[in-house]
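First the structure, in the form of structure tokens, and then the observations on it.
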Amino acid sequence: MPLDAGHDWWRSAVIYQVYPRSFADANGDGVGDLPGITSRLPYLADLGVDAIWISPFYPSAHEDGGYDITDFTGVDPIFGSLADVDALIAAAKKIGLRVLLDLVPNHTSRHHPWFVASRASRSAARRNWYIWADPAKDGGPPNNWRAVTGGSAWTFDASTGQYYLHSFFAAQPDLNWRNPNVREAMAGVMRFWLDRGIDGFRVDMIDYLLKDEALRDEPLDENGWYDQPLAKYQLNQRGVVDIMRSLRRVVDGYAGARILLGEVESRLPIDVLVRYYGTAGQLDVLHLPFNFWLLFLPWQSAALERFITDYDGAVPEGAAPNWVLGNHDVPRPATRLGAAQARAAMVLLLTLRGAPVVYYGDELGMPNVPIPPERIQDPWSAALPGGGRDPARTPMRWTRGPNAGFCPEHAMPWLPVGDELEAINVEDQRHDPGSMLALTKALLALRRACPALRGGNLRCLQGPPGAVVFSRVHDDERFLVAINTTAAPVEVPLPAGTSGIVRISSAMDRTGTCTTLPLRAHEACVLEWIPRS
Ligand code: GLC
């Protein structure tokens, strides 16, 4: 029986992140939409991913790329309608793709009717749906907490004389999860979408859901600073696990395996991260807490190998690891690591144990696209020079034609599609057996065909300096993966008495049997591993 049949589909699923503004524009207004996504589902099924996660398409004030929601159970007209969501879900089901939606429980838009009601007066019935506090003695913010987006996490509301808390932009007030009405309302939101047949949620910033009730100051270091992922009072309070358990019960109440993929601070220590699975005998929290470390670790064999070993070993028995190489918040791998390195990194992502997430366009090696100042959209650009997060959110490149086939020629895409379209687009790469798209497809096909690559054990082996080498084994199926993280060639001797057959090279130009594997600069290979005879 395959390792990931039925109920356990998510354990080794490849989840593809769609940023709806940038995937495909069906109505020709320069902004991607739901019918656009639906029209491209066959491409994703053919690519070989198992599920898609769609970033928010809900009504929004668009003060944080749709993560500032004004109605959790609606569809923003720029993306389509509820009927379009239903059509998308039905079309995905028909071709065997699962659908995850984005749930943003930590905050709403400041224009959400809940917040409008909450800020109306100190005695408003909804006052306690958000986190309000009196000014400090000097009239300043109630404590020293920082927003992730910079500056104080508090904004003063002159009409009621109190501050409200926002872990992100002031446009995104934090909901008060200590209030049972908030919990019930969010469970209702989940049911609304689960009833429409989705397979689960990617849950935004779960670790911020509870804050220290006494709102104590974060202890500061000698530079007057504190490290956000390690904050003591602002996030990762013990009770968050129980809140996640309650969300888990909502999805578990539905037939089939509906899942929760939860976003946490990106540099969380491994021991904090794995708490969000539950414990070995009781995996009742999140199915998959995100592991973002590949986004930040240096592309160096020693650092990668140490992390892979530590994290894979810390994931509780019976749970599945998660891996991410790119998303809408960080620079693209092709730019962050380099084009050849991004190919090797795709080999790593799709051969590690667990459930990886592939960000749209990374299968083509799309680079960050420079954004001229007058076209910047991301409000974070003030804090992150170079267009904030926009360069990694640019339209998907379908063709080398006008607007990269994302929208009609007469339309103005919401962000520039970039130059050098010739090589980096679906149509051209589809016909090029050496392309990154061909590589990604080959990796996904091999993964599907081979239980060892989907769910087999992982063990890091001693490789030469500069190379990460690990084995994946299930029953008598064995693979070796070797990745050269350097610009110099390295020779990877296979364990004594064993040989390998190259099944995939990141360069897509070699096959053959070997007992020692020469890797070129930035090359990665997947070998079928033949033990001693
Ligand atoms: C998550 C999202 C990010 C958003 C933030 C606030 O980190 O990935 O895009 O800005 O949450 O909702």
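Quick look at the numbers
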{"read-out": "Selected from T394, P413, C514, residue furthest toward positive end of dipole (the chain; charges at beta carbon)", "value": "C514"}
{"read-out": "Given charges at beta-carbon only (K, R positive; D, E negative), |dipole| of the stretch 42-118 in Debye", "value": "220"}
{"read-out": "Gain on full stretching of the segment that runs from E420 to A90 - 0.36 nm per residue minus C-alpha separation", "value": "115.2 nm"}
{"read-out": "Extension reserve of the L461-A445 stretch, reckoned as 0.36 nm per residue once the Cα distance is removed", "value": "3.3 nm"}
{"read-out": "Space enclosed by the convex hull of the alpha-carbon atoms of the stretch 457-531, per residue, Å³", "value": "75"}
{"read-out": "Separation between Cα centres of the stretch 494-522 and the stretch 61-102, rounded to whole Å", "value": "43"}
{"read-out": "Cα centre as origin, Lys/Arg/Asp/Glu Cβ charges: the chain dipole, Debye", "value": "900"}
{"read-out": "Principal axis box of the stretch 113-165, alpha-carbon based, largest edge first, Å", "value": "28, 25, 15"}
{"read-out": "Radius of gyration and Dmax over the Cα atoms of the stretch 314-374, both given in Å", "value": "13.7, 51"}
{"read-out": "Amide proton proximity set for L519, modelled H, under 5 Å, gap of 5+", "value": "V490, E491, V492"}
{"read-out": "Cα gyration tensor shape for the stretch 159-301, rounded if a/c is under 1.5, else prolate or oblate", "value": "oblate"}
{"read-out": "Value of relative contact order over the stretch 113-165, rounded to a whole percent, pairs C-alpha under 8 Å and six or more apart", "value": "31"}
{"read-out": "Relative contact order of the stretch 457-531, pairs being alpha-carbon contacts under 8 Å that are 6 or more residues apart, as %", "value": "31"}
{"read-out": "Order by protection proxy (mean Cβ within 10 Å, highest first), peptides 220-230, 357-367", "value": "357-367, 220-230"}
{"read-out": "Selection from L100, Y360, G281 lying farthest towards where the dipole of the chain points positive, charges on Cβ", "value": "G281"}
{"read-out": "Percent of C-alpha pairs per 10 Å bin, the stretch 268-367, short to long", "value": "15, 48, 29, 8, 0"}
{"read-out": "Rough spin-label spacing in nm, given labels placed 7 Å along Cα→Cβ, for I270 and R249", "value": "3.3"}
{"read-out": "By average C-beta atoms within 10 angstrom, highest first, the peptides 17-25, 95-103", "value": "17-25, 95-103"}
{"read-out": "Gyration tensor verdict on the stretch 493-533 (Cα atoms; rounded if a/c is under 1.5, prolate if a/b is larger than b/c, oblate otherwise)", "value": "prolate"}
{"read-out": "Beta bridges per DSSP with both ends in the stretch 1-131, % antiparallel, nearest 5", "value": "10"}
{"read-out": "Calculated P(r) tail over 46 Å for the chain, as whole % of Cα pairs", "value": "12"}
{"read-out": "Positive-pole candidate from W177, F470, S121, dipole of the chain, charges at beta carbon", "value": "F470"}
{"read-out": "Radius 13 Å from Cβ of Y43, net charge of other residues (Lys, Arg +1; Asp, Glu -1)", "value": "+1"}
{"read-out": "Karplus (6.51, -1.76, 1.60) ³J(HN,Hα), θ = phi - 60°, over the stretch 47-54, in Hz, Gly and Pro reported as x", "value": "4, x, 7, 9, 8, 10, 10, 9"}
{"read-out": "Alpha carbon centroid spacing (whole Å) that separates the stretch 420-482 from the stretch 184-224", "value": "34"}
{"read-out": "Debye, to nearest 20: dipole size of the stretch 457-531, +1 on Lys, Arg Cβ, -1 on Asp, Glu Cβ", "value": "120"}
{"read-out": "Relative contact order (percent, whole number), the chain, Cα cutoff 8 Å, 6+ residue spacing", "value": "13"}
{"read-out": "Karplus-derived HN-Hα couplings along the stretch 341-349 (A = 6.51, B = -1.76, C = 1.60, θ = phi - 60°), whole Hz, x at Gly and Pro", "value": "4, 5, 5, 5, 5, 5, 4, 4, 3"}
{"read-out": "For the chain, calculated [θ]222 nm from helices alone, where every DSSP H run of n ≥ 4 adds -39500 (n - 2.57)", "value": "-6500 deg cm²/dmol"}
{"read-out": "Hydrodynamic radius of the stretch 96-187 per Kirkwood, over alpha carbon pairs, in Å", "value": "13.9"}
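Coordinate-derived values only; no laboratory data. Fair warning: this is a prediction, and the values are worked out from it, not measured in the lab. FYI the Cβ positions are ideal-geometry reconstructions off the backbone, even for glycines, and counts take in every protein chain you see.
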